[in-house]
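Engineer: Here it is, the structure in full.
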Amino acid sequence: MEFAVGYGSRTAGITNLKSDGTFRPTDIDHINLLGEADPQEVSDFMKMVLGFKQSLVLTIAGKWAASWLRATKLDHDIAYMQAVRPSDRLHHVAFAVQDGNHYFRLSDRLVETGNRWEFGPGRHMGGKPRDTQGFGTNCFAYAFDPTGNRNEFTSDMNEFEDDESYMAETSPEKFPEIMNGWAYNMPESFMTQES
Amino acid sequence: MTILDRNPERALLACSGEDADLTLVSGGQSVVSFAFGVDHADDIEEVVSRLKANSVPSTVTRSRIAPATARFSGSACRAATAWSSLSATAAGPPALRT
């Protein structure tokens, strides 16, 4: 984990969302890490030592299964969950997308280059059921790159005031509904393929 | 994305502008490191101080090129010199002191 200063004209915490009609992503948005450590322990470190704020927590049988944290007002800048395979460290890196039309252009570009989405486009429903304005409700589309790393293309991430957070109990049976509120089409690979 | 620079060890890529968002390195899958942007060099010192207080090893480096493997949330600096960076890297598992 690195903290860096001195990158040209950019400003910390400000995501560029201007696609200028192109298909390319506009910025790096967030990262979803995996590991063997307890998500609650990792989250405590991020909050107490580095000043992050808790956004969404999903528990299974009362135990933290996944945690989303923010350093800005945006829903999440980092997410952490326990890896299926102990050696895996990355679920995905997320790039910012401007809007729905941007997804159309990205989708066409994937087709033109012989690629396909793994999952989506869709909208996460990680928070309160049927709430599209709450935590964990950003839009998504995932595609693998040639190395086998998963890349997310995300948009419509909500903003929250300083102390807001949301914790919900869930179960693996609910994952398809949580991961996409628009359709029950989550592939098995989404929960099993990591890097 | 735009390839800003490339050599046999790594390629620097940008979503937009002339600053690297992603560094690809040879060696396979997963992530080597990622970076949070901070506004000022003083913020680096604050991070290092907090890490030290919690017994988390860290190193501070100055580089002529963007060192990040992945940066997010528009990471960067207001008072920046192009292609010059100061960064602190935390290593090892978190050791909390509550």
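Results for (1) charged (D, E, K, R); (2) touching a Cys at 6+ places or on another chain (Cβ under 8 Å), shown as yes or no for each residue.
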| residue | (1), (2) |
| --- | --- |
| A:11 | no, yes |
| A:40 | no, no |
| A:76 | no, no |
| A:86 | no, no |
| A:89 | yes, no |
| A:92 | no, no |
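Engineer: List the residue pairs whose Cβ atoms are under 9 Å apart, where the first residue sits in the range A:135-155 and is among the aliphatic types (A, V, I, L, M), the second is buried (at least 22 other Cβ atoms within 10 Å of the Cβ) and in a loop (DSSP other than H, G, I, E, B), and the two are 6 or more positions apart or on different chains.
Structural biologist: From residues that are among the aliphatic types (A, V, I, L, M), the pairs are A:141/A:97.
Engineer: So, of the residues in the range A:88-113 that are among the β-branched types (Val, Ile, Thr) and free of Cβ contacts under 8 Å to residues at least 24 places away in the same chain, which turns out to be surrounded by the most Cβ atoms within 10 Å (Cβ to Cβ)? Even if it seems obvious, please write down each step before you answer.
Structural biologist: Of the residues in the range A:88-113, the ones among the β-branched types (Val, Ile, Thr) are A:93, A:97, A:111, A:113.
Now restrict to residues that are free of Cβ contacts under 8 Å to residues at least 24 places away in the same chain: A:111, A:113.
Working: A:111: 11, A:113: 7.
Step by step, filter the range A:88-113, then rank; the result is A:111.
Engineer: Condition first: facing chain B (nearest Cβ under 8 Å), touching a strand residue (DSSP E or B) at 6+ places or on another chain (Cβ under 7 Å) and surrounded by fewer than 21 Cβ atoms within 10 Å (Cβ to Cβ). Can you find one or more residues in the range A:53-63 that meet it?
Structural biologist: Checking the range A:53-63: not a single residue is facing chain B (nearest Cβ under 8 Å), touching a strand residue (DSSP E or B) at 6+ places or on another chain (Cβ under 7 Å) and surrounded by fewer than 21 Cβ atoms within 10 Å (Cβ to Cβ).
Engineer: Related question: Restricting attention to the range A:156-190, report how many residues are buried (at least 16 other Cβ atoms within 10 Å of the Cβ), of a type in the set (Phe, Trp, Tyr) and closer than 24 Å to residue A:99 by Cα.
Structural biologist: Qualifying residue count, the range A:156-190: 2.
Engineer: With the structure loaded, tell me whether residue A:145 is farther than 20 Å from residue A:183 by Cβ, within 11 Å of chain B (Cβ to nearest Cβ) and among the charged types (D, E, K, R) or whether it fails that test.
Structural biologist: Yes.
Engineer: Given the options A:116, A:85, name the one that is among the basic types (Lys, Arg) and free of Cβ contacts under 8 Å to residues at least 40 places away in the same chain.
Structural biologist: Only one candidate qualifies: A:116.
Engineer: Can you tell me how many residues within the range B:16-66 are more than 7 Å from chain A (Cβ to nearest Cβ), among the hydroxyl-bearing types (Ser, Thr, Tyr) and not in a strand (DSSP E or B)?
Structural biologist: 3
Engineer: Condition first: crowded, with 16+ Cβ neighbours inside 10 Å, assigned to a loop (DSSP other than H, G, I, E, B) and not small (Gly, Ala, Ser). Now tell me which residues in the range A:133-155 satisfy that.
Structural biologist: If the condition is that a residue be crowded, with 16+ Cβ neighbours inside 10 Å, assigned to a loop (DSSP other than H, G, I, E, B) and not small (Gly, Ala, Ser), then A:135, A:137, A:138, A:149 are the ones that fit.
Engineer: If you take the residues of the range A:1-49 that are among the aliphatic types (A, V, I, L, M) and more than 7 Å from chain B (Cβ to nearest Cβ), which of them is nearest to residue B:50 (Cα to Cα)? Walk me through it before giving the result.
Structural biologist: Of the residues in the range A:1-49, the ones among the aliphatic types (A, V, I, L, M) are A:1, A:4-5, A:12, A:14, A:17, A:28, A:31, A:33-34, A:37, A:42, A:46, A:48-49.
Filter again for more than 7 Å from chain B (Cβ to nearest Cβ), leaving A:17, A:33-34, A:46.
Numbers: A:17: 32, A:33: 22, A:34: 24, A:46: 11 Å.
Out of the qualifying residues, it is A:46.
Engineer: Given the criteria modelled with pLDDT under 95 and surrounded by 19 or more Cβ atoms within 10 Å (Cβ to Cβ), does residue A:36 qualify?
Structural biologist: No: the conditions fail for residue A:36.
The values are calculated or read from the model by the stated rules, or taken from the named source; none is laboratory data. Small disclaimer: the values here were computed from a predicted structure and weren't measured. Note that each Cβ is placed from the backbone with ideal geometry, even for glycine, and that neighbours are counted across all protein chains shown.
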